[in-house]
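Asker: The structure is given below, and queries will be raised subsequently.
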Amino acid sequence: MVVSPVLQVCDLQVSFMMQKRAYPVLRELSYNLLPGRILAVVGESGSGKTVHALSLLGLLPPAAHVSRGKILYRDTDLLTMPRARLRDVRGSKISMIFQDPSASLNPVLTVGEQLIETLRAHKPMSKQQAREEAVRLLEKVGIADAPARLSAYPFEFSGGMCQRVMIAMALALSPDILIADEPTTALDVTIQAQILHLIRELQQKEKMAVIFITHNLALASEIADEVLVLYGGLCMEQAPAKDLFEDPHHPYTKGLLASLVSMDRRVERLPAIAGQPPMAGEITKGCPFASRCPQAQEKCRQQLPPLTQQGIRMVRCFEEKTL
């Protein structure tokens, strides 16, 4: 049976205006997100991960704009949707967990007030009904003594508990798509594991599609069904998670995986990718990774490789398979 994508991103390009000039920070991004699947978007800081996520919900800063492409939610283009309709889509159809939960929660309102406000803004329910639903949501994400915790302020929660509150708010309206932007940043490894387990458990229970944004490949390997690797605002490789981690094709993906600590091998010093990634908005003539790639040829420096199909994956490299 053919399953239709719940989200289609088609040739997306996002640019920032600086000194009356447009600088593309995300280019030629295309992918399909299927219902009930988790897509991990990985890459170094500045690669365009968060810009891509914000563009999906029309939350880009004033200096940024989508200069090309389509974002189709169930065949409806979000980029041409009226702002009033787009506000209805946010939260109810597509929801987002932001990087810093303590900064995303209002410090002068209790957790209960913020949950109740979210529910009543989108659902016809009384304050008491919304309060009962808020308690159920906090219990769902593993917060003990939920009725009492509704009266607590964000500063009375730990970082991990604040993230659980953010997940509860994101799930309040049973969205089709959950965007998790670095949801475990600044959390210790134990809490990271708990949050990952919670997202996976809720995703399977609610049958949601998830876009999981991270720079941590180890986390991506634990949670993702498919992985999309960004570098310099471009997709370098996209493949099923198992295939990408077992047999990476692109030199950049190989470099990232080689730098991971492994229990299976002992090394004196972990390998690192030499050089620096391009500045945001910096456009090179050829492949943006060419200056750091140990396998780069002159062709790579002069011409941008197309994103081509290699078996079950997409790879942006002139080599059919780099060895």
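Just so it is clear, none of the values below were taken in a lab; they were calculated from the coordinates. Quick caveat: nothing in here was measured; it's all calculated off a predicted structure. Note that we place each Cβ from the backbone using ideal geometry, even for glycine, and neighbour counts take in every protein chain shown.
Asker: Extending each Cα 7 Å along its Cβ direction at Leu59 and Val267, get the distance between those two points in nm, one decimal.
Answerer: 3.6 nm
Asker: Then there is this: Shape verdict for region 258-317, please, from the Cα gyration tensor: rounded (a/c under 1.5), prolate (a/b greater than b/c) or oblate.
Answerer: Oblate, since a/c reaches 1.5 and b/c is not below a/b.
Asker: May I ask you to give the average projected area over all directions of the convex hull of the Cα atoms of region 182-323, in nm² rounded to one decimal?
Answerer: 10.2 nm²
Asker: Quick check on region 144-191: take the gyration tensor over C-alpha atoms, sort the square-rooted eigenvalues as a ≥ b ≥ c, and tell me if it's rounded (a/c under 1.5), prolate or oblate.
Answerer: Note, shape of region 144-191 comes out oblate.
Asker: Quick check for you: which residues of region 150-181 have the amide N under 14 Å from the point 7 Å beyond the Cα of Glu139 toward its beta carbon?
Answerer: So the set is 150.
Asker: Same structure, new question: Can you give the Rg and Dmax of region 29-139 based on its C-alpha atoms, in angstrom?
Answerer: Expressed in Å, the Cα Rg and Dmax of region 29-139 come to 16.4, 45.
Asker: Another one. Given the convex hull over the Cα atoms of region 83-234, what projected area results after averaging over all orientations, in nm²?
Answerer: 9.9 nm²
Asker: Then there's this: So what's the back-of-envelope 222 nm ellipticity for the chain, counting only DSSP H runs of four-plus at -39500 (n - 2.57) apiece and dividing by all residues, rounded to 500?
Answerer: -9500 deg cm²/dmol
Asker: Also: What ranking do 119-128, 6-15, 309-318 get when scored by the average of other Cβ atoms within 10 Å per residue, highest first?
Answerer: Averaged packing, sorted descending, gives the order 6-15, 309-318, 119-128.
Asker: Across 10 Å bins from 0, what is the distribution of all Cα-Cα pair distances for the chain, in whole percents?
Answerer: 5, 25, 32, 24, 11, 3, 0
Asker: Another question, then. Along region 17-25, what does the Karplus equation 6.51 cos²θ - 1.76 cosθ + 1.60 (θ = phi - 60°) give for ³J(HN,Hα), rounded to whole Hz, x for Gly and Pro?
Answerer: Whole-Hz 3J(HN,Hα) from phi for region 17-25: 8, 9, 6, 6, 10, 8, 10, x, 10.
Asker: Taking the Cα centre of each part, how many Å lie between region 12-33 and region 72-98?
Answerer: Measuring centre to centre over Cα atoms gives 19 Å.
Asker: Counting DSSP beta bridges with both partners in the chain, what percentage is antiparallel, nearest 5?
Answerer: Bridges in the chain are about 60 percent antiparallel.
Asker: Still on this structure: What distance in nm lies between label points placed 7 Å from Cα along the C-beta direction at Asp77 and Leu109?
Answerer: 3.4 nm
Asker: When Lys and Arg each count +1 and Asp and Glu each count -1, what net charge do the other residues less than 13 Å away from Leu150, Cβ to Cβ, add up to?
Answerer: Value of the local net charge: -3.
Asker: Let me ask another. At a threshold of 8 angstrom on Cα-Cα distance, excluding pairs fewer than six apart, so keeping six or more, what relative contact order does the chain reach in percent?
Answerer: Relative contact order of the chain: 21 percent.
Asker: Can you grab the distance from the C-alpha centre of region 121-169 to the C-alpha centre of region 201-222, Å, no decimals?
Answerer: Centre-to-centre distance over Cα atoms comes out at 22 Å.
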